[in-house]
1. Scanning region B:216-238 for residues that are under 21 Å from the mean Cα position of the chain (by Cα) and open to solvent by 10 Å² or more (accessible area, probe 1.4 Å), which turns out nearest to B:Ala72 (Cα to Cα)?
2. Any residue in region B:273-283 that is assigned to a loop (DSSP other than H, G, I, E, B), more than 20 Å from A:Tyr264 (Cβ to Cβ) and either more than 12 Å from chain A (Cβ to nearest Cβ) or not β-branched (Val, Ile, Thr) (or both)?
3. If you take the residues of region A:162-180 that are touching a helix residue (DSSP H, G or I) at 6+ places or on another chain (Cβ under 7 Å) and of a type in the set (A, V, I, L, M), which of them is surrounded by the fewest Cβ atoms within 10 Å (Cβ to Cβ)?
4. Quickly run through region B:239-257 and pick out the residues that are within 25 Å of B:Gly330 (Cα to Cα), surrounded by fewer than 24 Cβ atoms within 10 Å (Cβ to Cβ) and touching a strand residue (DSSP E or B) at 6+ places or on another chain (Cβ under 8 Å).
5. Would region B:83-102 turn up any residue that is open to solvent by 20 Å² or more (accessible area, probe 1.4 Å) and in a loop (DSSP other than H, G, I, E, B)?
6. Being of a type in the set (Asp, Glu) and within 7 Å of another protein chain (Cβ to nearest Cβ) is the filter here, so list the residues in region A:179-209 that pass it.
7. Give me the pairs: first residue in region A:222-235 and within 9 Å of chain B (Cβ to nearest Cβ), second residue in a loop (DSSP other than H, G, I, E, B) and open to solvent by 10 Å² or more (accessible area, probe 1.4 Å), beta-carbon distance under 7 Å, and six or more apart or on different chains, which are they?
Protein chains: 2
Amino acid sequence: MIIDCHGHFTTAPPQVPEFRKRQLAALASSGSAAGVVPPVVTDEEIRAAISGHQLRRMRERGVDLTIFSPKAVAMDHHQGDEAANVAWARFNNELVHRVCRLFPEHFAGACQLPQTPGVAPGARVFEELERCVKEYGFVAANVNPDPTGGRWADPPLWDRKWWYPLYEKLVELDVPAMIHVSGSCNPHFDAVATHYINGDTTAFVQFMKSDIFRDFPTLKFIIPHGGGAVPFHWGRYRGLAQDMGLPPLEEKVLRNVYFDTCVYHQAGIDLLLRVVPAGNILFASETFGAVQGIDPRTQHHFDDTRRYVEASADASAADKARIFAENALGVYPRLRAHPRCGG
Amino acid sequence: MIIDCHGHFTTAPPQVPEFRKRQLAALASSGSAAGVVPPVVTDEEIRAAISGHQLRRMRERGVDLTIFSPKAVAMDHHQGDEAANVAWARFNNELVHRVCRLFPEHFAGACQLPQTPGVAPGARVFEELERCVKEYGFVAANVNPDPTGGRWADPPLWDRKWWYPLYEKLVELDVPAMIHVSGSCNPHFDAVATHYINGDTTAFVQFMKSDIFRDFPTLKFIIPHGGGAVPFHWGRYRGLAQDMGLPPLEEKVLRNVYFDTCVYHQAGIDLLLRVVPAGNILFASETFGAVQGIDPRTQHHFDDTRRYVEASADASAADKARIFAENALGVYPRLRAHPRCGG
């Protein structure tokens, strides 16, 4: 059994990104996107978008189930107002729900939240989160630690007033959150090359230095892309925690934080498996995602992370079974109800 | 022979940081720090600050020579105006020069530049750079890719109008630059835990995606802290470069960019040595720097990076000799004139 905890609907038909363009054009011209009507997407279009891409690739690679969410770089929180972002999140989450309904054996949903710059996650965010979990049966949410798109201008994750109500809601609904930034409007940061990785590292340090997990002991976060820079600098973070008088990272962060395996070469996966406890690693590939090509050195896709995990000498077979599937059932409690997981 | 390419004067006597505090207080109260007089620092104070710390540690670890620059987190570009930053840079660079003069066998200088938010590196920056290289015999400069202190609000490194005049000056003087951010005024980013590492990753991607090295084929940069997240995500960056239609990283970036070994655990150094060509790695420890404690797992300092390099099975003895010293003589041409290097 292999569960990929990190897939996005990146192959949706063209009217999907077109809808966002129309929203932004309306916002720019009239200050409101309220009149912009979402496009029709047929079941046939969804089937084609999945069968020919995500599901084909999952079958080729022996991935049984993917936790699937809207395209991350297209969440685009920084460009909309709250009303537009609510409509955009609802639209994308519904598409993911339809994917899950059309291919119930292969997908479980995770939602995009209608976060908005300058707006603390509140009623509209909770409403959409609750809708996705209760009506659609989604098992997780993506939380953008920087809805200002590379300006990092809203409060950090440890800000009680800003973020704690969202954490309460996540705990109440018993869903974990994947930390995932979206696009970048800061020319310093390429979205997938820079902003994603920096966002992961930034979130980890905020978790390390804060009391979030003292205040929410059952809250769980997945940091994608192998945890950004963190495993490579594990000694730095262990040493900094010690210098700061904090408890060891295992105690301070790793009871609540998990890294995925979206690291696209053998040496990177080996390091991840060597330094991070196997119980804190979740299999993922983010296909079709940031890197789509074939590595000329291996003749396999860069993002075919199953090969790296299987080839690694830095974890036992039992640990690999945890990474491929067992850990996910602990991190995503609602996944246990999925037909593929004995539910 | 062991050359450490990354040391900062972090143990200067208390009147040094006090001077900056007085500058900032004057700026806040009167809008100018012009009347703030730099403090006296005696040779005795400098000797004590070095003998009891940096030099003692170098001797303990068998490091022969350190490329030494002012304390990075205290460069503090984001808090001053240009005149204050010029006075602050001159003051710190002179201290480093005096360290090099008092301990000529053990130190070579690298300068802090008086960069200032909103001001393109121009006459004042070039003047200080030229003074340090020509009068003091410094061999390198630290370039802050984000003098706005975590706001990332000035132009990226590929901006021709903003940065190219500085690159011309670096090439003309035949000195490489170490990419090194300073403090952070953005609450999202802990300076040494987050901003340093993100800054390294950010600079690498800017190099990868730009034409800087086509335009300046002899310009050389050192990215510290092992290159930020880059070696851990080497497959991601190779794959992204390929997807973007760029030449391989070896050709696009590694003719001009070097990573140091400030990675504070064995697994991280092993990864670095495994994926980055030995010719692109420079020994460094950044002592006394971000992490000062002893690793309870090894009973050695986290930042005692010589041990990791020596213990690694991922580089040959010949490669390690290049990493420990030979590469530095190629990257820092002016180092060849140093008495310790046969000059």
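1. Top of the filtered list is B:Lys220.
2. Taking every residue of region B:273-283 in turn, at least one turns out to be assigned to a loop (DSSP other than H, G, I, E, B), more than 20 Å from A:Tyr264 (Cβ to Cβ) and either more than 12 Å from chain A (Cβ to nearest Cβ) or not β-branched (Val, Ile, Thr) (or both).
3. Checking each candidate, the answer is A:Leu173.
4. Within region B:239-257, just B:Asn256 meets the criteria.
5. no
6. A:Asp190
7. Hits for this filter: A:Trp234/B:His265; A:Gly235/B:His265.
Residue by residue, here is whether (1) charged (D, E, K, R); (2) open to solvent by less than 10 Å² (accessible area, probe 1.4 Å) holds:
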{"residue": "B:Arg124", "(1), (2)": "yes, no"}
{"residue": "B:Phe138", "(1), (2)": "no, yes"}
{"residue": "B:Ala141", "(1), (2)": "no, yes"}
{"residue": "B:Pro155", "(1), (2)": "no, no"}
{"residue": "B:Ser182", "(1), (2)": "no, yes"}
{"residue": "B:Asp190", "(1), (2)": "yes, no"}
{"residue": "B:Arg214", "(1), (2)": "yes, no"}
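The values are calculated or read from the model by the stated rules, or taken from the named source; none is laboratory data. Not measured: the values here are computed from a predicted model. FYI the Cβ positions are ideal-geometry reconstructions off the backbone, even for glycines, and counts take in every protein chain you see. Quick note on the areas: whole protein, heavy atoms, side chains included, nothing else; ligands and nucleic acids left out. Shrake-Rupley method; radii C 1.70, N 1.55, O 1.52, S 1.80 Å.
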